[in-house]
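Presented below is the structure to which this report refers.
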Amino acid sequence: MDGAGSITFWGYSPSLCLTKYIDKQSEELPIRLLLIGNGDIRHIFHTLALTTSPIHIYILESQLEIYARHLLFLQLIFTSINQIGLQEKCEHYLELFANLHINTHTEQYLKEAATQLIQHITNINGEFQFASNITIDTTLLKYKEKDFLEGIFQFWRASSTKQPFPAELAWDGRVRQYLGMYSKKKIQTVYYTIFLLI
């Protein structure tokens, strides 16, 4: 439980518009991009914001939790402003992106979004739309991967009091373990310094 963890939920570089690096003379439409091990969705958001031509983005991740997170953020971003205001979208995004604890309003949104995502992911067709120009195709996922994604979304819908994973306890243990190493080193350094002075 040390280090950055086994699931990369965010990247360490600035976001890039990926179509900027494509040869403009090829004029092959739609533009096709493959993102491998991206970790978060910052490059996709940046690319979609600056690209007007049709684009197909293929995502390959090692962990299904990252796919679930991508779908959640895409749904949030492409929800109509008539349903969720811009300020509210920003608050939800920031809370869901980096917080261990979220407020009740964001938790309610997460539960509603998870319910919708379960309906989308279990759709026999394998395709669904977040907006008129944004289509998600899940036909390349195996059925066991879709089932696992459904399990993740059901976990998100569960009541915070019924969560089987005590996040506060795990975080506290991790911090204590991490700081424990440093406190032992400081004590050893003090003893060594005292020994040298004697």
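At-a-glance table
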quantity: Label-to-label distance, nm, for residues given as Ser62 and Leu100 (7 Å Cα→Cβ offset); calculated: 2.4 nm
quantity: Count, lysine Cα pairs under 27 Å in region 12-159, 8 or more residues apart or across chains; calculated: 5
quantity: Residues with amide H under 5 Å from that of Ile59, placed H, sequence gap 5 or more; calculated: Leu35
quantity: Extension gain, Asn123 back to Leu86 (0.36 nm per residue minus Cα-Cα distance, nm); calculated: 10.4 nm
quantity: Loop GluC sites (Glu not before Pro), region 15-77, which have at most 15 other Cβ atoms in a 10 Å radius of their Cβ (DSSP); calculated: Glu27, Glu28
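Values in this text are rule-based calculations from the coordinates and carry no lab data. Here the structure is a predicted model, which is why all the values come from computation and not from measurement. Note: ideal-geometry Cβ built from the backbone for every residue, glycine included; neighbour counts use all protein chains shown.
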